[in-house]
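Inspection log for the structure reproduced underneath, given as C-alpha cells.
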Amino acid sequence: LVANEPVAADFNLGKYIMAKAAAVEAALDKYVPNGLPPHPKVIFDAMRHSLLAGGKRIRPALVIAACEMVGGTQEMAMPTACALEMVHTMSLIHDDLPVMDNDDFRRGKPTCHKVYGEAIALLAGDALLAESFSLIAKETKGVPADRVLKSIANLGTLVGSEGLVGGQVMDMAYEGKGDTATLEAVEYIHIHKTAALLEAAVWNGACIGGASDQELEVLRRFAQKIGLAFQIIDDVLDATMTGEQLGKTAGKDEAVAKATYVRVVGLEQSRAIAQRLIAEAKADLAPYGAKAVPLLALADFITARTN
Ligand code: GRG
C-alpha cells in the first residue's frame, strides 16, 4: 500500500464506524447505568448527559480496529474502547468548566456544568475517570492479565502529567498569548492534550489484542502521527467553521487567542503538515497489508472530517 492511496475499494468506513459506534453505545449504556440505588441518581445522570450525547466515537473505533488488526476480537477490546471514550468525555467535561475553557455547548448540547452545576460536573468527570480504569480491570475477558496490566499502566501515563494533563496545563499557559507560541510549544500541547489519547486507544487496543513489543512500537508511532494531525485539523476547523457547525460556543478559541497550528504557521501550512503526517502514519502500517484497512481508513477520516 502506498501512503495516501485510497484504501480497499470495497471497505466502507461510514458503515464500519456506525457499526462500531452502535456496539460501543450499547456497551456504554450497560457500563454506566441510569442509576444504581442507593447511590445518588444525579451523578449517573450527569455522566450519561455527556457520555451519551453523540460524539464521533473515534477513540473506541481505533481501539477495536487496532485490536482486530493484530488478531484480537471486538469482545476483548470493548471494555478498553468504552474506557477510552469515558476518559475522553471526562476531559471534555473538565475542559468546558468555567475554570478552564468556560464553554456553554458541547456535542450540540448544553455542557454538563450548565445542566448540573459545576460541582456535579467536576465529580461526573472524576467518576468517569476512576471507573474507566476499573472497567478495563474488571470486564476485560479472555486476555492474559499481564496485557491488561500493561494497558492500564500505559493509559495512566498518557492521561496524567506526562500526557493529557501536561498538555492542558501548557495550553492554559499560552491562553491569550497564542501569538507568542513557537512551533515546538504548540506541538507539545497537541501531542499531549490530544494525541496522547489517540495513542492510548491504538496502543492499548493492540496490546489487548496480543501485539508483540515491536508491533506496539510501530503502532505507537502511527498513533502519535494521526493524533497530532487530528488536533491540527481541529485547529483548521475551529478557524474556518462557525461555532454552530462545530456544536460549541462560537469563536471561543479565536477570542482567547490560544496556541494553535493555524496561529503559528497559517491555514495552508497547517493543512499540509496534517496531510504529511497522515501519509507518514499510513506508510508505517504498510507491513500489515489489507489487515490495516480499517486503521488506514480511520487515519484518512481524520484529515477529511468536517466536525
Ligand atoms: C485527564 C485528569 C484529566 C484531566 C483532563 C481538561 C483536560 C485535562 C484536558 C483537555 C483535553 C481536551 C479537551 C483536548 C481536546 C481534544 C479534542 C480534539 C476533542 C474533540 O474530540 P472529537 O472531535 O470530539 O473526537 P467528539 O465529540 O466527536 O468525541
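The numbers here are math on the coordinates, done by the rules we state, and not lab data. Just so it is clear, the model here is predicted, and its values are computed rather than measured. Every residue, glycine as well, gets a Cβ built from its backbone with ideal geometry; the counts of neighbours run over all protein chains shown.
The slack in the chain from A272 to D104, taken as 0.36 nm per residue of separation less the alpha-carbon distance, amounts to 57.3 nm. Estimated purely from DSSP H runs of n ≥ 4, each contributing -39500 (n - 2.57), the mean residue ellipticity at 222 nm for the chain is -21500 deg cm²/dmol once divided by its residues. Ranked by how many other Cβ atoms sit within 10 Å of their own Cβ, fewest first, the residues S134, S91 fall in the order S134, S91.
Going from the fewest other Cβ atoms within 10 Å to the most, the residues D96, D104, D146 appear in the order D146, D104, D96.
Arranged from fewest to most other beta-carbon atoms within 10 Å of their beta carbon, T73, T303 become T73, T303. Across the chain, where is the longest run that never hits trypsin sites (Lys or Arg not before Pro) in a DSSP loop with at most 12 other C-beta atoms within 10 Å? That gives 1-140 as the longest site-free run.
Of all aspartates and glutamates in the structure, the ones whose alpha carbon falls short of 14 Å from that of K114, not counting any fewer than 8 places away in one chain, are D45, D95, D96, D101, D103, D104. Relative contact order for region 13-304: 21 percent, from Cα pairs under 8 Å spaced at least 6 residues apart, divided by residue count. Under 5 Å from the amide H of F105 lie the amide H atoms of T111, T249, each residue being 5 or more positions distant or on a separate chain, with H modelled from the backbone and absent for Pro and chain starts. Using alpha carbons only, how many angstrom separate the centre of region 33-73 from the centre of region 189-232? What the calculation gives is 19 Å, centre to centre. In this structure, D45 and A283 have a Cβ-Cβ separation that, at R0 = 51 Å, corresponds to a calculated FRET efficiency of about 0.65.
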